[in-house]
């Protein structure tokens, strides 16, 4: 993954639409289109390999629509410009986090203390079963 090329590709290929936002803002909410909806086609995304593109499809399936576009909506701020910056940074963060490969787990042995705790619990169960039930 080439971060610089990915950043440029996101800025170049993202399609921004604006709508009236809900929430705080008073009368401004009723007049100004501050909500930002960002759509980014996965096919046009540069700076990643085909293997990484498949990993993105798998991990970000919740925000991919039927046309194969990543979709994010932001209406956190009262300003359209701030919401635009937030949307671009969020989608870049989501992509970079999804492309990080998970480390393979190394199996470990049970510790001596954990084995002793397990044995103590087993002995306790045996002794509890010997008790008379009234």
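Being out of contact with any helix residue (DSSP H, G or I) (no Cβ under 9 Å at 6 or more places or on another chain), part of a helix (DSSP H, G or I) and surrounded by 10 or more Cβ atoms within 10 Å (Cβ to Cβ): is that true of residue 116 here?
Numbers: out of contact with any helix residue (DSSP H, G or I) (no Cβ under 9 Å at 6 or more places or on another chain): yes; part of a helix (DSSP H, G or I): yes; surrounded by 10 or more Cβ atoms within 10 Å (Cβ to Cβ): yes.
Answer is yes for this residue.
Name the single residue, out of those in region 4-39 being part of a helix (DSSP H, G or I) and either at pLDDT below 85 or out of contact with any helix residue (DSSP H, G or I) (no Cβ under 9 Å at 6 or more places or on another chain) (or both), that is surrounded by the most Cβ atoms within 10 Å (Cβ to Cβ). Spell out the reasoning first.
Taking region 4-39 as the starting set, the residues that turn out to be part of a helix (DSSP H, G or I) are 4-13, 28-31.
Next, only the ones that are either at pLDDT below 85 or out of contact with any helix residue (DSSP H, G or I) (no Cβ under 9 Å at 6 or more places or on another chain) (or both) stay: 4-5, 8, 28-31.
On the way: 4: 8, 5: 13, 8: 13, 28: 13, 29: 16, 30: 9, 31: 10.
Filtering region 4-39 for residues that are part of a helix (DSSP H, G or I) and either at pLDDT below 85 or out of contact with any helix residue (DSSP H, G or I) (no Cβ under 9 Å at 6 or more places or on another chain) (or both), the one surrounded by the most Cβ atoms within 10 Å (Cβ to Cβ) comes out as 29.
Would you please name the residue that is nearest to the chain's Cα centre (by Cα), looking only at residues in region 44-78 that are in a loop (DSSP other than H, G, I, E, B) and surrounded by 15 or more Cβ atoms within 10 Å (Cβ to Cβ)? It would help to see each step written out before you state the result.
So in region 44-78, the residues in a loop (DSSP other than H, G, I, E, B) come out as 45-49, 60, 65-68, 75-78.
Remaining after also requiring surrounded by 15 or more Cβ atoms within 10 Å (Cβ to Cβ): 45, 47-48, 60, 75-78.
Details: 45: 18, 47: 19, 48: 18, 60: 7, 75: 18, 76: 18, 77: 21, 78: 24 Å.
Among them, the one singled out is 60.
The values are calculated or read from the model by the stated rules, or taken from the named source; none is laboratory data. If you're wondering where the values come from, they're calculated on a predicted model, not measured in any experiment. Glycine also receives a Cβ, built like all others from the backbone with ideal geometry; neighbour counts cover every protein chain displayed.
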